[in-house]
Amino acid sequence: MGELPFSLRKLYVSVEEVLASPEAAARGERPLRKAFAAAVVLNPHAGRRVEDLSELISWGEPLGELLGAEAVKALGGAAASYGKAAIVGTDGEQEHGVALLTTLFGDALRAQVGGGLAWISSATKRGPSGTAIDVPLAHKDALYVRDHYDAAEVRVPDAPLPDEIVAIAAVANRGRLDARCGGLSASEIEGRDGLR
């Protein structure tokens, strides 16, 4: 893994494979695979207010590289959608999680999934160990591809401790099973602006 600028306590990786939607009688669609990687890191600002969050922001690039690589490896194939999230322990601030997920994290995640034009959906919150978060997913190249709007539920059983942050990258291999709400399809992406 090389030298990391943060104290990493734990790396937690998981994969979910959905073979059929509960509502659909027909099977046979390619399974939906969602994978996430979560890093449990020590929060240097826990328990105190700090105006300058540049240290956490600078961690975004190595975190995005690490978590993006682990999530894509777990997915076992090309990522069609992505998302990011953070859970901050109770001695920290939500802003600490946001700082980890800025452009540096996003650009590193894009590099790991082989590029992506679309804005990366994200979510942050504070909570005790075992707190769950729904990581929003959207198509990596066009935000308006409606059948890729989804989420991956992430929970690390023993994290975050009060002085930790859980940073998360999530990816999926396709859109929702049995999607039928219309809108732009993946085959219609123009790839110009990250929206269509």
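When P162, P136 are checked against the criterion of being over 20 Å from E70 (Cα atoms) and either of a type in the set (K, R) or modelled with pLDDT of 95 or more (or both), a single residue qualifies: P162.
The rows are residues; the columns are (1) hydroxyl-bearing (S, T, Y); (2) assigned to a loop (DSSP other than H, G, I, E, B); (3) within 13 Å of the chain's Cα centre (by Cα).
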site	(1), (2), (3)
V41	no, no, no
R48	no, yes, no
L56	no, no, no
L63	no, no, yes
L67	no, no, yes
A71	no, no, yes
G77	no, yes, no
A85	no, no, yes
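For S129, the conditions (1) surrounded by fewer than 20 Cβ atoms within 10 Å (Cβ to Cβ); (2) out of contact with any Asp or Glu (no Cβ under 7 Å at 6 or more places or on another chain); (3) hydroxyl-bearing (S, T, Y) are fulfilled apart from (2). Within region 109-133, the set of residues being in contact (Cβ under 8 Å) with a residue 24 or more places away in the chain and in a strand (DSSP E or B) comprises S122, A123, T124, K125, R126, I133. In region 159-176, the qualifying residues are those that are β-branched (V, I, T) and touching a Phe, Trp or Tyr at 6+ places or on another chain (Cβ under 7 Å), and the one that is farthest from L100 (Cα to Cα) is V171.
Of note, A20 satisfies the criterion of being modelled with pLDDT under 95, part of a loop (DSSP other than H, G, I, E, B) and aliphatic (A, V, I, L, M).
Closer than 25 Å to K73 by Cβ, touching a Gly at 6+ places or on another chain (Cβ under 8 Å), surrounded by fewer than 23 Cβ atoms within 10 Å (Cβ to Cβ) and of a type in the set (A, V, I, L, M, F, W, C): does that describe A142? Here the answer is no, as A142 does not meet what is asked.
Sort through G60, G114 and tell me the only one that's of a type outside the set (A, V, I, L, M) and surrounded by 22 or more Cβ atoms within 10 Å (Cβ to Cβ).
Details: G114 fails: surrounded by 22 or more Cβ atoms within 10 Å (Cβ to Cβ).
Sole residue among the options that is of a type outside the set (A, V, I, L, M) and surrounded by 22 or more Cβ atoms within 10 Å (Cβ to Cβ): G60.
Of all residues in region 165-195, those that are modelled with pLDDT of 85 or more, over 17 Å from A123 (Cα atoms) and within 18 Å of the chain's Cα centre (by Cα) total 4. The set of residues in region 80-110 that are β-branched (V, I, T) and either surrounded by fewer than 24 Cβ atoms within 10 Å (Cβ to Cβ) or out of contact with any strand residue (DSSP E or B) (no Cβ under 9 Å at 6 or more places or on another chain) (or both) comprises T90, V98, T102, T103. In region 135-155, what residues are under 12 Å from the mean Cα position of the chain (by Cα) and in contact (Cβ under 8 Å) with a residue 24 or more places away in the chain? Selection gives V135, P136, L137, A138, K140, D150, A151, A152, V154.
The values are calculated or read from the model by the stated rules, or taken from the named source; none is laboratory data. Being a predicted model, the structure only gives us computed values, none of them experimental. Virtual Cβ from ideal backbone geometry, glycine too; neighbours counted across all protein chains shown.
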